[in-house]
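J.: Quick one: this structure, given as structure tokens, is what I'll be asking you about.
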Amino acid sequence: MNKCGVCQEIVLNKEEALFCDGECTKWYHCICVGMSSGQYETFRDDYDRHNVLQWLCDSCKEQNKETTQSEMPITWGKMKDLMKIRKSLNSAYQKIVKWKKYMQIPRGKAGKTLIAEVTRLIRLFNSSKRWKSVAIHMLQVLLPLILQKPSLKSKNREHVKYLNKRMEWWKHGKLEELTSECEAIQKRLKRSVKTKKQSDQKAFCRLMLQGQVKKALKIVNHASDIDGKHDITTDIKKKLKENTQKQQN
């Protein structure tokens, strides 16, 4: 005896009922699935004529829809293949993993746009079979690219401008353009950091020669990445002062 997939009551031979051709393979009372007697008669007539009609319950319809969607190729801008998207993401990730100098997420519309995209990618990972394998990887690449500071001293207005442009590139899958821009910025930032480091080194030497130990130590403590420096311990400070006093005498 077959039970109705909705009301769980026995489906009798004399009752108007439908068999689901989906994975559940259950019987359903027409009244339980909202099919009128007239609709049922039309369905039976069509089935008798063609013998190829299928009927799916709501659950199997949804499952069939998800299966069909999962088989469709995903697209991101001009990239229309999962392997191409993965390859592009891997290439970008290998470049950005050691980058530095990121801006804070700007307030207002630009910041909300970025947060919305982060949320979208998390949802894709949780709910989309097609995007699950790349969604988190996209998130790993998104933030370093979008939040890359344009320069060492860039301000919020400039950040908003760059963020809006980059989000538009991201939307259309222009990952190569995004990565190239940020690579160029990284090179400029490294040159700026190197120039500042050299300037700090010269300032430190000049102040030490002038006997201005306290000022020199402030530079070293502030620029912790000066090459060839000692950690500033009490003994080091004492030796520096002793050497300065000898030079003055």
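Here, each number is a calculation from the coordinates, and none is a lab measurement. Treat the numbers as computed from the prediction; the structure is a model and nothing was measured. Neighbour counts run over all protein chains shown; Cβ positions are idealised from the backbone, glycine included.
J.: Can you pull the one-decimal nm distance between simple spin-label points at E62 and Y102, each 7 Å off the Cα toward Cβ?
T.: Distance between label points: 3.6 nm.
J.: Please identify every one of the trypsin sites (Lys or Arg not before Pro) in the stretch 64-166 that sits in a loop by DSSP and has no more than 13 other beta carbons within 10 Å of its own beta carbon.
T.: On the way: sites: K65, K78, K80, K84, R86, K87, K95, K98, K100, K101, R107, K109, K112, R120, R123, K129, R130, K132, K153, K155, R157, K161, K165, R166; in loops: K78, K80, K98, K100, K101, R107, K129, R130, K153, K155.
Within the stretch 64-166, the qualifying trypsin sites (Lys or Arg not before Pro) (loop, at most 13 other Cβ atoms within 10 Å) are K78, K80, K98, K100, R107, K129, K153, K155.
J.: Right, next: What are the ³J(HN,Hα) values, in whole Hz, obtained from phi via the Karplus relation 6.51 cos²θ - 1.76 cosθ + 1.60 with θ = phi - 60°, for each residue of the stretch 112-119 in sequence order, with x given for Gly and Pro?
T.: 5, 4, 5, 4, 4, 5, 4, 4
J.: May I pose another question? Trypsin sites (Lys or Arg not before Pro) within the stretch 11-53: which are DSSP loop residues with at most 10 other Cβ atoms inside 10 Å?
T.: Details: sites: K14, K26, R44, R49; in loops: K14, K26.
Within the stretch 11-53, the qualifying trypsin sites (Lys or Arg not before Pro) (loop, at most 10 other Cβ atoms within 10 Å) are K14.
J.: Also: Figure the gain on full extension for V33 and S128 (residue separation times 0.36 nm, minus the Cα-Cα span) and round it to one decimal in nm.
T.: Extending this stretch completely gives an extra 31.4 nm.
J.: Same structure again: Under the Karplus relation 6.51 cos²θ - 1.76 cosθ + 1.60, θ = phi - 60°, what is the ordered set of whole-Hz ³J(HN,Hα) values for the stretch 137-143, x standing for Gly and Pro?
T.: Along the stretch 137-143, the couplings run 5, 4, 5, 4, 8, 4, 5 Hz.
J.: Simple spin-label model, 7 Å along Cα-to-Cβ: Q210 to R157 in nm?
T.: About 3.5 nm separates the two model spin labels.
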